[in-house]
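Working notes, beginning with the structure itself.
No value in this document is a laboratory result; all are computed from the given coordinates. A quick note: this is a predicted structure, and the numbers were derived from the prediction, not measured. Cβ sites come from the backbone with ideal geometry, for glycine too, and all protein chains shown count toward neighbours.
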Amino acid sequence: MSVTFSLMALTAFLFLIPSVVDQATYRYVTALIALMISIGIISMTALHLMDNRTSTFDMGLLGYAVFGFLDIFKFQVLEHGKRPLATETELIVILLLTISLVVFVLAFHFINIKKPVESFKDINPQFVGRFFFFLLPLVIVLAAVFLYFKDLQTNSYFSLIGYFLKAFVLLSLFVFFKTHKRIYLLLSLAVFGLVMTDTSRRAYIAVVLPAIILYVDLIHERLRRMKLNRRMLVLIALMLLFVFLNWMRGEHDFGEGYVEGNRLANTVQYIKTLKSLDTFYNTGYIIEHFPEEFHYYYGETYVSVPVGLIPRAIWESKPVSLGAPLALMQSIGRQEFNQDAWMRINQYSLSPGFVGEAYANFGVAGVIFLSILFGWAAKFIDRRIFYDREHRIDLKQLSYLPIMISFLLLGRGDFYSAMIYSIFMFLFLRLMIWKLKAT
């Protein structure tokens, strides 16, 4: 609860600042406060990870910290004046982000959800080998198909193969941590190396972060407390993941600071400028143009997930995620999504973030309501799924790890891009776990 009251005090402070200081001072004071909030939340969630207490709530907080408050600092200080927004708009973005965070925290703490009465669901080691023996030929065939037809990896149906293989990577790693048989580790690493050819950075986050959580879970079961060298290993893994994600941008993320043919220089530049953080401006753009110039979506962008697999040939005007239309709005001033127009702007999408997408759908009321729903969902998963951390992560909890990570990804991307990997990995994990238990 101390976190809740601290955030409420900071929110009140942010409301009072404009009445007592000038504009320039306000810019740097808010940037400093945002940086402090971001560092504080990142440090807290890192400590929880080390103590094997990572939760869905932590992932949600981390999304606000990294893609919200750290982005305020980036926009106000590192990027000041490069992409101008009206001062009033900047203030509205900061206040809406802060209000959303506080509402999320309050909803999580005050919504009451009962713990389930369930027994611990662990694997039966004598059946695991038989299950993998029958599953492995399918995995080999799918991995070969996935690699051979690389050009089809952007196809929604073909990408299902990738989701299945990524789920298999997590299941193999989980079995290794449970049985300590290295064959499962080698199998997990081999499939990971073969199928991780995505250009989407979310694909790596959706696999690597659950793997780190599983590793910490193993260490705590064996040692009860992580030693300093183990903690440093986890921190190094997280920093390497951050560097790698920026390295991925180095060849295709054009714009200011990009040097053609020099991936290393681009990576260093992107890290220095925090280029992967870009939701503040996009949220500001949405606030300035909705609903005067563009109409509210009224939930349409959230529906894009369940209808995503319906072919456009069958439903040409089916709902799409917000990232692509937002790129069209900013580039050519068009809201309605058109495949040809999107192709002409090089098929890039923009990141509205959780607050920006909520506002684009329902305005201020949507930000508040969806923040409550966000807090309820985090509480539901933590209370109903990850309710017992005395035992190690079990099969059911394993399947929900990708869903947990999606609460972090919601902070940056649109709802579709944040959830699509997690949902299908969850479904394939549930399928494999069901067959494993039936073996």
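Tell me the relative contact order for the range 281-361 as a rounded percent, counting alpha carbon contacts under 8 Å between residues six or more apart.
42 percent
Which trypsin sites (Lys or Arg not before Pro) does the range 19-96 hold that lie in a coil by DSSP with at most 13 other beta carbons within 10 Å?
Passing both the DSSP loop test and the Cβ count: K82.
Stokes-Einstein at 37 °C, 0.692 mPa s, Kirkwood radius from Cα pairs: D for the range 347-439 in µm² s⁻¹? Walk me through the numbers on the way to the answer.
Details: Rh = 14.8 Å.
Rounded to a whole number, D works out at 222 µm²/s.
Please get the size of the charge dipole for the range 320-439, origin at its Cα centre, with Cβ charges of +1 on Lys and Arg and -1 on Asp and Glu, quoted in debye to the nearest 20.
440 debye
Could you tally the net charge around T89, taking each other residue with its Cβ under 14 Å from the Cβ of T89, Lys/Arg +1 and Asp/Glu -1?
In short, -3.
In a shell of Cβ-Cβ distance under 12 Å around G356, excluding G356 itself, what net charge do Lys and Arg (+1) and Asp and Glu (-1) give? Mind dumping the intermediate values first?
Values: positive: R412; negative: D71, D278, E288, E357, D414.
Once positives and negatives cancel, what remains is -4.
How large is the dipole of the range 258-366 about the Cα centre if only Lys and Arg carry +1 and Asp and Glu carry -1, each at its Cβ, rounded to the nearest 20 debye?
The dipole of the range 258-366 has a size of about 420 debye.
Which peptide among 406-419, 168-181, 36-49 comes first, and what is the full order, when sorted by highest mean count of other Cβ atoms within 10 Å?
Sorting 406-419, 168-181, 36-49 by mean packing, highest first, produces 406-419, 168-181, 36-49.
First select every other residue whose beta carbon is under 14 angstrom from the beta carbon of R412; then total the charges, Lys and Arg +1, Asp and Glu -1.
Within the 14 Å Cβ shell, the charges total +1.
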